[in-house]
Amino acid sequence: MKAREKILDKYSAKVFKNRKDHIIELDEDGLPKEIGANSRTIPGMMVSRGCCYAGCKGVVLGPLRDVVTITHGPIGCGFYTWGTRRNKADSPDGRNFTQYSFSTDMRESDIIFGGEKKLRQAIKEAVELFHPACIMICSTCPVGLIGDDIQAVAAWAKETFTIECVAFSCEGYRGVSQSAGHHIANNGLMKHVIGTGSAVPVENKHTLNILGEYNIGGDGWETARVLKRIGYEVLNVFTGDGSYEGIKDANIADLNLVMCHRSISYIAEMMKAKYGVDWLKVNFIGVQETIRTLYEIAAYFDDPEITLKTEEVITDEFAAVEEGLDYYRGKLTGKTAGIFAGGSRSHHYQLLLQDLGIKTIVAGYEFAHRDDYEGCEVIPDIKLDADNKNIEELQLEPDQEKYRVVIDRDRYEELKETTELEYYKGMFKDMKKDAIVVDDYNHYETAELIRLFKPDIFYSGIKDKYEIMKSGTPSWQIHSYDYSGPYSCFQGALNFARDSYMAIYSPAWDMLHAPWKTQSTLMGTIGGGK
Ligand code: CFM
């Protein structure tokens, strides 16, 4: 029996029917297969997904450093999204509220009589104490159920405090996972923030936004450092170490670089429609991928000075890590890995693993859509269900004053053929025959994958890390990087190689002996007798 069948075999007929489309075994290298994705988890299954509120507040809005984002709801939602994501931020203008957790802490009486009064009070306190650039309100499940009008409160706050206040109806139940929250956050930023500034484009400066980069462990800072060395001006990072004040003017960038397609492709597409900004799918995870990406950005601008500088910076950055990478490659070549993350990293990191000689044998996502696995070309074929349809799709027209085209359209068409300009190829095309891919995997499947494939290392998140380690398999958090990072670009690849090496070669694994292998663990008596 093949591994896929072995995993599915344990399920009841009903569960089998659901899960069979979410587990794929690749018959050939890179074969684009269809996978079931972005659909409801069977109630009761222990999976690693988060909720819509988590995607909106925790992922996309939370990292904006000069914004006070208020969680309107009982305290648990605010508390459990507080400080766990390691999205680092600086405070160049003295405003960095990312360390705080703001919540209205709704209680029983607020649920019964309404929480708007408390929300108004929370906004008043936040404005008076913190003087943020903007207030954002994120709803949790009970708010939607009792019908608090957060949009009306936002309008009141705008008028009362002359401050931008944006309300997001991102109740946890609004989608099948955090992916719905990404979309809602993208829509709100596009409607109320992006393009509302007054800055005008700077000619001949080569300006960039980095989209879908959340500065986990400092990745965004490292990427920006390399781009700045080449001569680019990085205007905004969405949203790791990003700011409301900055992204108001994001429309003036020459090019949007899209790192995590899953969480922010909506803004990339909408900025293209409204302001004409082209976007390029990039990947700064992995040495070869960083090099490819830097050449593709240079190709977009086609400026000899930038092209030359790109070559110089690549040579220099690579030389600084080459010896270290050779050492770790020597230790890691031939190892195997499993990798499970949210909706983009399981692909990005496979390419870094390839640089290190590590083969990915099992991979998957928590909440990706089919295009994240199969490539952008399948988007027109994706059937929307009731859960997906309830999220608004904004249709935007070109802005009469701010729409601009940076490069000649013939060259744009050429680049579409030769680069990943406005195209994301998905994870499958970079995977090898016999690898297994699982969508929205649960804890039973995690244990089975480890038992059947015995990977040398398993990259995943906090919800499954300890289950994996208890099985004797080294695990490294690929969401938060445990306590490490950055992992982007050249220096980051070296950091990742070191951490993977330490995880696999830790002597701790040889000291673990399951007690049930050498002694009886049966305790107590049966039947009540002595
Ligand atoms: Fe994008 Fe992310 Fe990811 Fe994501 Fe996330 Fe994350 Fe992630 Mo954890 S935005 S989809 S919702 S790359 S928090 S920084 S690591 S699941 S793979």
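Looking at ARG40, ARG65, ARG95, ARG85, just one residue is surrounded by fewer than 21 Cβ atoms within 10 Å (Cβ to Cβ), closer than 25 Å to TYR481 by Cα and among the basic types (Lys, Arg), and that residue is ARG85.
Taken as a whole, the structure places THR104 among residues that are modelled with pLDDT of 95 or more, polar (S, T, N, Q) and away from the ligand (no atom under 16 Å from the Cβ). How many residues are more than 16 Å from the ligand (Cβ to nearest atom), on the phi > 0 side of the Ramachandran plot and in contact with a strand residue (DSSP E or B) (Cβ under 9 Å, 6 or more places away or on another chain) when one looks only at segment 23-72? Qualifying residue count for the region: 0. The conditions of being surrounded by 14 or more Cβ atoms within 10 Å (Cβ to Cβ), modelled with pLDDT of 95 or more, within 22 Å of LYS191 (Cβ to Cβ) and touching a helix residue (DSSP H, G or I) at 6+ places or on another chain (Cβ under 6 Å) are met by ASP399.
For segment 455-488, taking the residues that are part of a loop (DSSP other than H, G, I, E, B), free of Cβ contacts under 8 Å to residues at least 40 places away in the same chain and surrounded by fewer than 17 Cβ atoms within 10 Å (Cβ to Cβ), the one that is nearest to the ligand (Cβ to nearest atom) is identified as ASP482. Could you tell me whether any residue of segment 123-135 is surrounded by fewer than 23 Cβ atoms within 10 Å (Cβ to Cβ), part of a strand (DSSP E or B) and not charged (D, E, K, R)? Yes.
For segment 374-414, the candidate set comprises residues that are of a type in the set (A, V, I, L, M, F, W, C) and in a helix (DSSP H, G or I); within that set, the residue that is farthest from the ligand (Cβ to nearest atom) is ALA386. Selection within segment 161-192: residues that are part of a loop (DSSP other than H, G, I, E, B) and buried (at least 23 other Cβ atoms within 10 Å of the Cβ). The member of this set that is nearest to the ligand (Cβ to nearest atom) is SER177.
Against the test of being modelled with pLDDT of 95 or more, among the small types (Gly, Ala, Ser) and farther than 30 Å from LYS463 by Cβ, the options GLY324, GLY357 yield a single qualifying residue, GLY324. Taken together, the criteria place LYS158 among residues that are surrounded by fewer than 20 Cβ atoms within 10 Å (Cβ to Cβ), among the charged types (D, E, K, R) and more than 22 Å from GLU393 (Cα to Cα). Taken over segment 351-373, the criterion of being out of contact with any strand residue (DSSP E or B) (no Cβ under 8 Å at 6 or more places or on another chain), within 16 Å of the ligand (Cβ to nearest atom) and either under 16 Å from ILE23 (Cα atoms) or not in a helix (DSSP H, G or I) (or both) is satisfied by PHE367, HIS369, ARG370, ASP371. The condition of being more than 16 Å from the ligand (Cβ to nearest atom), of a type outside the set (A, V, I, L, M, F, W, C), over 21 Å from SER500 (Cα atoms) and assigned to a helix (DSSP H, G or I) holds for ASP316.
Check TYR328 against each of (1) more than 16 Å from the ligand (Cβ to nearest atom); (2) assigned to a loop (DSSP other than H, G, I, E, B); (3) not basic (Lys, Arg) and name the one condition it does not meet. Among (1) more than 16 Å from the ligand (Cβ to nearest atom); (2) assigned to a loop (DSSP other than H, G, I, E, B); (3) not basic (Lys, Arg), the lone unmet condition for TYR328 is (2).
Cβ separations smaller than 6 Å between residues 6+ apart or across chains give the following pairs from segment 263-278 residues that are more than 21 Å from GLY62 (Cβ to Cβ) to residues that are away from the ligand (no atom under 16 Å from the Cβ) and part of a helix (DSSP H, G or I): TYR275/ASN251; VAL277/MET271.
Residue count for segment 210-259 under the criterion of being more than 16 Å from the ligand (Cβ to nearest atom) and touching a Lys or Arg at 6+ places or on another chain (Cβ under 7 Å): the result is 6. Residue pairs whose Cβ atoms lie under 8 Å apart, sitting 6 or more positions apart in sequence or on different chains, and linking a residue in segment 39-61 that is closer than 21 Å to TYR100 by Cα to a partner that is of a type in the set (Lys, Arg) and away from the ligand (no atom under 12 Å from the Cβ), are CYS52/ARG174. Being at positive phi, without any contact (Cβ under 8 Å) to a residue 60 or more places away in the chain and surrounded by 16 or more Cβ atoms within 10 Å (Cβ to Cβ): is that true of ASP105 here? So ASP105 fits the description; yes.
Taking segment 255-291 as the range and being of a type in the set (Asp, Glu) and in a helix (DSSP H, G or I) as the test, the residues that pass are GLU269, GLU289.
Filtered by the rule that a residue be of a type in the set (A, V, I, L, M) and more than 13 Å from VAL437 (Cβ to Cβ), segment 4-21 gives LEU8, ALA13, VAL15.
In the set (1) exposed (fewer than 15 other Cβ atoms within 10 Å of the Cβ); (2) more than 28 Å from SER480 (Cβ to Cβ); (3) hydroxyl-bearing (Ser, Thr, Tyr), the condition left unmet by THR333 is number (2). The C-beta contact set for segment 337-350 (first residue of a type in the set (S, T, N, Q) and more than 9 Å from the ligand (Cβ to nearest atom), second residue in a helix (DSSP H, G or I) and modelled with pLDDT of 95 or more, distance under 7 angstrom, 6+ apart or interchain) comprises GLN350/ASP430.
The values are calculated or read from the model by the stated rules, or taken from the named source; none is laboratory data. Source: prediction; values computed, not measured. Don't worry about glycine lacking a Cβ; one is built from the backbone with ideal geometry, like all the others, and counts go over all protein chains shown.
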